[in-house]
Amino acid sequence: MSAALQVLVVDDELAMRESIAAWLRQDGHQVTLAESGDRALQMLEQGVFDLALVDIKMPGMDGLELLRRMKAQYPDTLVIIITAYGSIESSVEAMKAGASDYLLKPFDPEQLMLLLHKAGGQRALLRENLALRQRLADGECPGFGDIVGRSPAMLAVFGRIEEVAQAEAPVLITGETGTGKELVARAVHSRSPRAYGPFVAINCGAQAESLLESELFGHERGAFTGAVKARRGRLEMADGGTLFLDEVGEISAKMQVALLRVLEDKRFQRVGGSQDLTSDFRLICATHRDLSQLINQGRFRQDFYYRINVLSIHIPPLRQRTEDIIPLSEHFLEKFARETGRPRARLDGAAGQALCSYPWPGNVRELRNVIERAVILAPGDKIERRQLTFLSPQAAEDAAPLTLAEMELNHIHRVLQAQDWNIRQAAAVLGIDRSTLSRKMKKAGLRAP
Amino acid sequence: MAPQADNRPDAPATPLVEVVPLGRVSQTAVAVAAANLQAIFNLNASVSAPWPEPTYALVPTRGQYDAGPILRALAQDQAGPPLRLGLTGRDLCLPFLSYVFGEAQVEGRAAVVSMYRLQDAAQGGKVSRALMLERLAKIALHETAHVLGLVHCQAPGCLMNFASSLASLDRLRLILCPDCQTILARRRQRLRDQISQAPQSSRGLPGPKG
């Protein structure tokens, strides 16, 4: 099958519509039929189409008028004009209005197949372009990005990333919270043959089951209250790229069965839909949980586990690779200096020692936050021991006494983190006005990561 | 050309496909189609008595049969095995396509194959009868696989590649790629399960979807 396309066929003749649809389905495409220009515009309002095959001669709005409206409102949908009554004038008019091609019925199967390949190529370019723009917006580095390490354990992880990147099999990334599982998933994707396809991530632990189902599989218009428009799910969005399921250990048994079916049949349906869809994605899952323990407890399906755990990467916790703490800290200091435009701060000896002796229960994420706080608190370009505020109570007790202003700033920072940087909620917890909190944040240079 | 027979000893004898000659069709061609369905897809095939020439499908202006009405007629008759493959000696077309070698209802009940163009050589003239029958077997298997739910595949040489010309048809091997083999095996098993669960009187189910 060439890349499966969403195709809209617009023709007033039932036999023509149905025969085109049947033929396209043999090639694995998803086909929607419209008997008039008005109906086609309704369909375009409800769904996303890669290609439209439009007959010129139709009662009411003719194919050329539909073409003009489509190019104005849905420029990403390719339009091929098909007609049994060809003329040089109409073909010139169609091409001027933006048609990708003009075919005279009946045409050779090879001609149509070539156009479908062309449409598939154009769609791939469009998606690649979107994916690249998204990656630029995310500030993704072409190398290993924020994954920094010189310990033997991390060098082994880098080697493993290179190995699994070239395979097509599903990957399971394990590691404690904050070890950088998504970064590793992105690194696998960016080194794989799918690097120019989309990287689509979803945190399965942060969604209710029904929402997760709709997010993953998409939904048709009217599938549930509020589904006013058909929406593509993450499975469809990941076509040609990588689908990353974070916190896969939190997925319900029902969703595990649904995903297992997708992995086995390579087909799925949107919520409220009846049409089989296909998507060519590579699956990467991550979890901080011990899945074999969950299987023993009957909370995770063994067959699903075997399906997602074909290749694995384990990221060791930061406490087991203390030689990475200083390089990571330097990396974050560099990053924050670049982001804030301030001079790059440096750690003094006592600060470095404190960082290396802390157990880092929150791993690299916690280290990043500690460094960010320290950069904000440090008056100059030197970070001292007293500017390091750890979340662990024992380490906090060890810290040197802080000024009242530093204590206040620390507290604000922690509350903001706990409230996911929601200023309204954080202000309510702190018992101050939203505007007061915003002012304090601005003064201290605090902002959401 | 290595056939991929799934010759499991427990394969049931109930026919899953009926090969239907439409009008005057060579008995050898019918036998070749049935034998390949059996040997390569492990689908027990039976051969029916010839059906009348499908003149209802004739497009007078083109002198060809429209494959659509033939598929509907093949699918409509619920008696017999769940899948039905029609063979015709006349050229097939679709309203929008100038010709097709065959056509099928994806995940439906019926497929139809034309032998009209299969003797043509790429450079003009005729090919050997053996090559013509090999082409017939490829199209019969390809279209039957569509009925079982397989769609076109791009794996090099896979029988489910789309072949728009005789030259591209000749490049295909009489073999499915591993992915298509897996899907075929699963669909075949589902069909057998449905057959074994269905009462004798409704052996023709499941009906067409498309």
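Structural remarks
- B:ARG72 falls short of the stated requirement of being crowded, with 22+ Cβ neighbours inside 10 Å and of a type in the set (Lys, Arg).
- Residue identified as part of a helix (DSSP H, G or I), at pLDDT 95 or above and either out of contact with any Cys (no Cβ under 7 Å at 6 or more places or on another chain) or not basic (Lys, Arg) (or both) among B:THR144, B:THR182: B:THR144
- Of B:GLU107, B:GLU53, B:GLU103, all but one fail to be without any contact (Cβ under 8 Å) to a residue 60 or more places away in the chain and closer than 21 Å to B:ASN161 by Cα; the exception is B:GLU103.
- Residue count for segment A:169-190, restricted to those that are touching a strand residue (DSSP E or B) at 6+ places or on another chain (Cβ under 6 Å), within 23 Å of A:LEU132 (Cβ to Cβ), outside any helix (DSSP H, G or I) and at pLDDT below 95: 0.
- For segment A:328-346, a tally of residues being over 26 Å from the mean Cα position of the chain (by Cα), over 17 Å from A:GLU384 (Cα atoms) and part of a helix (DSSP H, G or I) returns 1.
- In summary, A:ARG17 fulfils each of the numbered conditions (1) surrounded by 20 or more Cβ atoms within 10 Å (Cβ to Cβ); (2) farther than 24 Å from B:CYS153 by Cα; (3) of a type in the set (D, E, K, R) with the single exception of condition (2).
- For segment B:116-129, the count of residues that are at pLDDT below 95 and β-branched (Val, Ile, Thr) is at least one.
- Top-ranked residue of segment A:300-327 - restricted to ones that are of a type in the set (D, E, K, R) and more than 29 Å from the chain's Cα centre (by Cα), ranked as surrounded by the most Cβ atoms within 10 Å (Cβ to Cβ): A:ARG321
- The helices (runs of 4 or more DSSP H) located wholly in segment A:347-449 that include 2 or more residues which are loosely packed, with under 14 Cβ neighbours inside 10 Å and at pLDDT below 80 occupy A:393-398, A:404-418.
- Scope segment A:81-112; condition in contact with a helix residue (DSSP H, G or I) (Cβ under 6 Å, 6 or more places away or on another chain) and within 17 Å of A:ASP12 (Cβ to Cβ); matching residues: A:ILE81
- Selection within segment A:244-273 - under 19 Å from A:ALA223 (Cβ atoms), part of a helix (DSSP H, G or I) and over 18 Å from the mean Cα position of the chain (by Cα): A:LYS254, A:MET255, A:ALA258, A:ARG261, A:VAL262
- Single unsatisfied condition, A:PRO106 versus (1) at pLDDT below 90; (2) within 14 Å of another protein chain (Cβ to nearest Cβ): (1)
- Considering (1) in a loop (DSSP other than H, G, I, E, B); (2) in contact with a Gly (Cβ under 9 Å, 6 or more places away or on another chain); (3) surrounded by 15 or more Cβ atoms within 10 Å (Cβ to Cβ); (4) at pLDDT below 90, the lone condition that A:GLU140 does not fulfil carries the number (2).
The values are calculated or read from the model by the stated rules, or taken from the named source; none is laboratory data. All values reported here derive from a predicted model rather than from experimental measurement. FYI the Cβ positions are ideal-geometry reconstructions off the backbone, even for glycines, and counts take in every protein chain you see.
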